[in-house]
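Visitor: Pasting a structure here, questions to come.
The values are calculated or read from the model by the stated rules, or taken from the named source; none is laboratory data. All values derive from a computational prediction rather than experimental measurement. Virtual Cβ from ideal backbone geometry, glycine too; neighbours counted across all protein chains shown. The area values use the complete protein model at the heavy-atom level, side chains included, leaving out ligands, DNA and RNA. Shrake-Rupley method; radii C 1.70, N 1.55, O 1.52, S 1.80 Å.
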Amino acid sequence: MTVALVAGEVSGDLLAARLLSGLMPHLPGARFHGIGGEQMMAQGFVSDWPMERLTVRGLFEVIPRYRDIKGIQNALRDQLLQDPPALFIGADYPGFNLGLELQLKAAGIPTVHYIGPQIWAWRAGRIKKIAKAVSHMLVIFPFEQAIYERAGVPVTYVGHPLAEVIPLQPDLAGARRALGLAQGASVVTLMPGSRMSELKYNAPAFIDAARLLQLRDKSLRFVVPMAGARQRQYFLELLGETSLDELGITLLDGQSHRAIEAADAVLVASGTASLEVALFKKPMVIAYKMMAASWHIMRHMGYQPWIGLPNILARQFLVPELLQDAASPQALADAVWRQLSDAPGRLHLVQRFTDMHHSLLRNSAQESAAAVMQVIASSRRG
């Protein structure tokens, strides 16, 4: 038996790896292949193409890469149609995976999509394509299940893997010891994004906000986790002649969870990282910038007032969101300062984020594997 999977970026690689850890014991002789990253390959997965060839962010940023990405999609489709797997699993990356799933399902190959595209945030019309493309949807937020059920898409809520990885009670003192930070220091963690495109648009304003914050309090310390060597070098170039010591910055290679755990407040680019901050029960300011043309299009596609996952889950602005032109260094610095200064607000956030953590906590590996096995069993009976 073969099972095919595709993850197109780091977050999908992590999701799929966790699913594989639960699925492989049920299918001990199966071959798992397709496209994935290091986490999936560590589970014994075979990647037929490097995942990095798919990784891109933004509407216009994909244009120079479109021919290569489309060529990979077509080649994988042809391979799977020639040698059909028992099941195809698309791990997030909906622009690529839903198109592939549509063709595979039409050819009689069962398809599972993990995780549900954010139709609750923008482009709700995609639900029609999803219904045609997906045999079974696995969702990671509890409110999503009813959306897919109403559309007639078989669905299982499996919990969010991050809720299992991140402890219910953060260890601030332990994180600070591990990073060499003073226990009594005021610490702000900066998370401008892991992709180079995100750094390009977010990091300059984040750095200037840190400069403004340090003018208010010279004792402030900043922790900045970097996703790789290229990101680290680019960040250092943005600092110019300012040294890390001058700004009180500790630059880390990875260790994003420890950096969040050690913080009093976090300035974070919108995305999964904002949910990680919430699960660590930290006050935050969510910010995001992108190419102007992409922003102009995407802001008209959304139909709810929030973009940050903690606010979407809460259905209210629990924490500030500053987007595009509103994410100026001064506005970011002011917002972070308010988060640092509002003691009652911090206690309120801890309680709200703790409740959120409990709502997302499931054994996602077992839950998702059980749902996948049911799809395989149903296809065999059919």
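Visitor: Here are labelled values, [x] 20.6; [y] 16.1; [z] 18.4, and one is the computed mean projected area of the Cα convex hull in nm² for what I pasted. Which one?
Guide: [z]
Visitor: In nm, give the distance between the simple-model label positions of ALA326 and ASP245, each being 7 Å from the Cα along the Cα-to-Cβ direction.
Guide: Each label point lies 7 Å from its Cα, and together they span 4.0 nm.
Visitor: Using unit Cβ charges (K, R positive; D, E negative) and no other charged atoms, how large, in debye to the nearest 20, is the dipole of the chain about its Cα centre?
Guide: So the dipole magnitude of the chain works out to roughly 820 debye.
Visitor: In addition: Within straight cross-link reach of LYS129, meaning Cα distance under 13 Å, which aspartates and glutamates are found once same-chain residues fewer than 8 apart are removed?
Guide: Leaving aside aspartates and glutamates fewer than 8 places away in the same chain, those within reach of LYS129 are GLU101.
Visitor: If you roll a 1.4 Å probe over the heavy atoms of the protein chains, what accessible area per residue do you get for the chain, in Å²?
Guide: I get 43 Å² per residue for the chain.
Visitor: What's the carbon and sulfur percent of the chain's accessible surface, probe 1.4 angstrom, rounded to a whole number?
Guide: Carbon plus sulfur share of accessible area: 54 percent.
Visitor: Now a separate question. Sort 70-76, 327-333, 228-234, 136-142 for me by packing, meaning the mean count of neighbouring Cβ atoms within 10 Å per residue, highest on top.
Guide: Peptide ranking by packing, descending: 136-142, 327-333, 70-76, 228-234.
Visitor: Here's something else I'd like to know. So, by mean Cβ neighbours within 10 angstrom, what's the order for 262-273, 35-46 with the highest one leading?
Guide: With the highest mean Cβ count within 10 Å placed first, the list reads 262-273, 35-46.
Visitor: How far is it, in nm, from the label point at GLU164 to the one at ARG211 when both lie 7 Å from their Cα along the line to the Cβ?
Guide: Result for the modelled spin labels: 4.5 nm.
Visitor: Using r as the Cβ-Cβ distance of ARG381 and TYR234, and R0 as 56 Å, what FRET efficiency do you calculate, to the nearest 0.05? Intermediate results must be reported in sequence, preceding the final value.
Guide: Numbers: r = 53 Å, r/R0 = 0.95.
The calculated FRET efficiency here is 0.55.
Visitor: At a 10 angstrom cut-off on C-beta neighbours, averaged per residue, how do the peptides 18-26, 2-10, 359-367 rank from highest to lowest?
Guide: Values: 18-26: 20.0, 2-10: 24.0, 359-367: 18.1.
In decreasing order of mean packing, 18-26, 2-10, 359-367 become 2-10, 18-26, 359-367.
Visitor: Along the charge dipole of the chain, which of LEU162, HIS33, LEU14 sits closest to the positive end, that is, farthest toward it, with unit charges on the beta carbon of Lys, Arg, Asp and Glu (+1, +1, -1, -1)?
Guide: Result: HIS33, furthest along the dipole toward the positive end.
Visitor: Now, a different point. Quick check: net charge around PRO142, other residues with Cβ under 14 Å of its Cβ, Lys/Arg +1 and Asp/Glu -1?
Guide: Every neighbour counted, the sum reads -2.
Visitor: Could you calculate the contour length gain from ALA343 to LYS105, that is, 0.36 nm times the residue separation minus the distance between their Cα atoms, to one decimal place in nm?
Guide: Between ALA343 and LYS105, full extension yields 80.4 nm more.
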